[in-house]
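Report on one structure; see the data block that follows.
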Amino acid sequence: MTCIEDLRQAARRRVPKAFFDYVEAGAYSEQTLRANRADLERLTFRQRVLVDVAQRDTATTMLGEKAALPIALAPIGLGGMQWADGEILACRAAQTAGVPYTLGTMSICSIEDVAEAVAKPFWFQLYVMKDRGFVRSLVERAIAARCGALVLTVDLQVLGQRHADIRNGLAVPPSLKLRNILDMAARPGWAWRMLSARRWTFGNLAGHVKGERGVKELADWVSHQFDATLNWSDVEWIRSIWPGKLIIKGILDAEDARTASKAGASAIVVSNHGGRQLDGAPSTISKLPRIVEAVGSETEVLFDGGVRSGQDVMRALARGASGCLVGRAYIYGLGAGGEAGVATAIEILRKELSVTMALTGTRSVDEIDERVLD
C-alpha cells in the first residue's frame with residue numbers, strides 16, 4: 001500500500017457495496033465533494049533547495065495536547081460496519097500513532113465499548129437531537145468515559161440526501177434482500193469477521209432510547225431525530241453541561257466562526273461535512289483563510305474536507321489551520337485491513353508530510369505557512 005488510493009481500492013474490494021458507498025458518496029450531484037479535492041490540488045508548493053532538512057519534526061499540539069502529527073481521526077458513522085469492532089480498532093491505531101481519535105454518535109461500538117478497550121481518552125462527536133434528554137445522557141456518558149473533547153456537529157439540522165444510500169437500501173444491520181446477501185457472500189472475510197462483532201447496530205443508541213423495541217424502531221427513531229430548530233442557544237446549553245474542551249464542527253462562514261468563538265468554542269472545524277450535506281457549498285480550503293482571519297488567535301481552527309495525503313495536510317496548515325481532521329483516508333484503511341490498515345493510512349500521511357516538508361525547506365510544523373506555497 002503506497003498511498004491512500006491503494007487503501008481505497010482494497011476497501012472497495014473487501015467491504016460490502018452499501019457500506020463502502022456510505023463512506024464514499026456525497027450529497028446530490030457531489031459538486032462540493034469534488035470541489036474539496038480539486039481546490040486542494042490546485043495549491044502548488046514552492047520548492048526550495050540547499051536547506052539542511054536532515055532533522056524534521058512533524059509533531060505539534062492540538063487543543064493543548066501533544067500530537068505526533070497535525071491530524072486527528074474524524075468522526076465517521078458506521079465504522080464498525082467497515083470492519084468488525086472498527087471504532088475500537090481505529091482508536092487503538094490512532095493512540096499508538098500518537099494522534100487523537102473521534103468517536104461518532106452514529107458509531108457501531110458505543111462510548112463504553114471503546115473506553116473499556118483503549119488506554120487513553122478519545123474525543124466524542126455529538127449530534128443535538130430532538131430528544132434533549134437523550135442528548136444530555138450522551139454528554140454525561142462522554143464525561144464518565146473521560147473523553148478529552150466534545151466535537152459538536154452543527155451542520156446536520158436536516159439530513160442531506162445521498163443518492164447512493166437510497167439506491168443501496170442502506171440499513172444497519174444490513175437488510176436481508178437478495179442483492180445484499182449476494183454482496184456479503186462475495187466478501188466472506190468481512191462476513192466471517194462480523195459474526196464475532198460486538199454489535200450490529202448503533203451502540204450509543206441501542207438500549208438508551210426511550211420506548212425502543214427493536215432495530216426497526218431504533219432506525220425509525222433516528223430518522224426523525226435530526227432537529228431543524230437547532231440554533232446558537234443549543235450551543236450555550238451544551239457548553240453549560242459539558243465541562244471540557246468544546247470543538248464546533250461544520251463552520252463554513254466567517255460570521256459563524258466569530259459567533260462560535262464568542263460561544264466558548266475551544267476550537268472550530270472548517271467543514272462542509274465532507275460534501276455530504278449542502279451540495280453546491282464552496283470547498284473548505286477556499287473558505288479557510290477568511291475564517292482563520294475572522295477568529296484570529298482567539299480560537300483554534302482545524303480543517304476538514306478532502307484530505308487524502310500528507311501534501312493536503314501541509315496545504316491546509318499553509319492556509320492557516322492548526323491541524324486536520326482526516327475522515328475517508330483512514331476509513332479506507334479500516335476497510336482495507338482493520339487496525340493495521342488504519343495504522344498504514346496514518347503512516348502514509350506522516351511520510352508524505354515529512355517528505356513534502358523536506359522538499360520545501362521546512363523543518364517543523366511551526367514553520368509551515370503561506371511561504372511554502374507558490
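Would you confirm whether or not region 52-60 contains a residue that is outside any loop (DSSP other than H, G, I, E, B) and surrounded by 22 or more Cβ atoms within 10 Å (Cβ to Cβ)? Looking through region 52-60, none of the residues is outside any loop (DSSP other than H, G, I, E, B) and surrounded by 22 or more Cβ atoms within 10 Å (Cβ to Cβ). Candidates in region 1-37 are the residues that are touching a Phe, Trp or Tyr at 6+ places or on another chain (Cβ under 9 Å), among the aliphatic types (A, V, I, L, M) and in a helix (DSSP H, G or I); of these, the one that is surrounded by the fewest Cβ atoms within 10 Å (Cβ to Cβ) is Ala10.
Is it fair to say Leu156 is in a loop (DSSP other than H, G, I, E, B) and within 25 Å of Thr259 (Cα to Cα)? Answer is yes for this residue. The combined condition, being modelled with pLDDT of 95 or more, among the charged types (D, E, K, R) and either open to solvent by less than 60 Å² (accessible area, probe 1.4 Å) or in contact with a Pro (Cβ under 8 Å, 6 or more places away or on another chain) (or both), is fulfilled by Arg141. Against the conditions (1) free of Cβ contacts under 8 Å to residues at least 40 places away in the same chain; (2) outside any strand (DSSP E or B); (3) basic (Lys, Arg), Lys66 satisfies every one except (2).
Let's see how each residue does on (1) among the β-branched types (Val, Ile, Thr); (2) under 17 Å from the mean Cα position of the chain (by Cα):
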{"site": "Ser266", "(1), (2)": "no, no"}
{"site": "Gln277", "(1), (2)": "no, yes"}
{"site": "Ile285", "(1), (2)": "yes, yes"}
{"site": "Val307", "(1), (2)": "yes, yes"}
{"site": "Met314", "(1), (2)": "no, no"}
{"site": "Val326", "(1), (2)": "yes, yes"}
{"site": "Leu334", "(1), (2)": "no, yes"}
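Among the candidates Ala171, Ala257, Ala228, Ala197, the residue that is touching a helix residue (DSSP H, G or I) at 6+ places or on another chain (Cβ under 6 Å) and in contact (Cβ under 8 Å) with a residue 24 or more places away in the chain is uniquely Ala257. Counting the residues of region 1-39 that are under 17 Å from the mean Cα position of the chain (by Cα) and hydroxyl-bearing (Ser, Thr, Tyr) gives 2. The number of residues in region 113-126 being in contact (Cβ under 8 Å) with a residue 60 or more places away in the chain and not polar (S, T, N, Q) comes to 3.
Restricting attention to region 93-108, the residues being of a type outside the set (Gly, Ala, Ser), assigned to a loop (DSSP other than H, G, I, E, B) and out of contact with any Lys or Arg (no Cβ under 6 Å at 6 or more places or on another chain) number 4. The criterion of at least 1 residues that are out of contact with any Asp or Glu (no Cβ under 8 Å at 6 or more places or on another chain) and surrounded by fewer than 18 Cβ atoms within 10 Å (Cβ to Cβ) is met by the following helices (runs of 4 or more DSSP H) wholly inside region 267-374: 284-295, 328-359.
The values are calculated or read from the model by the stated rules, or taken from the named source; none is laboratory data. All values reported here derive from a predicted model rather than from experimental measurement. Don't worry about glycine lacking a Cβ; one is built from the backbone with ideal geometry, like all the others, and counts go over all protein chains shown. Areas reflect the complete protein model, heavy atoms only, side chains present, ligands, DNA and RNA absent. Shrake-Rupley method; radii C 1.70, N 1.55, O 1.52, S 1.80 Å.
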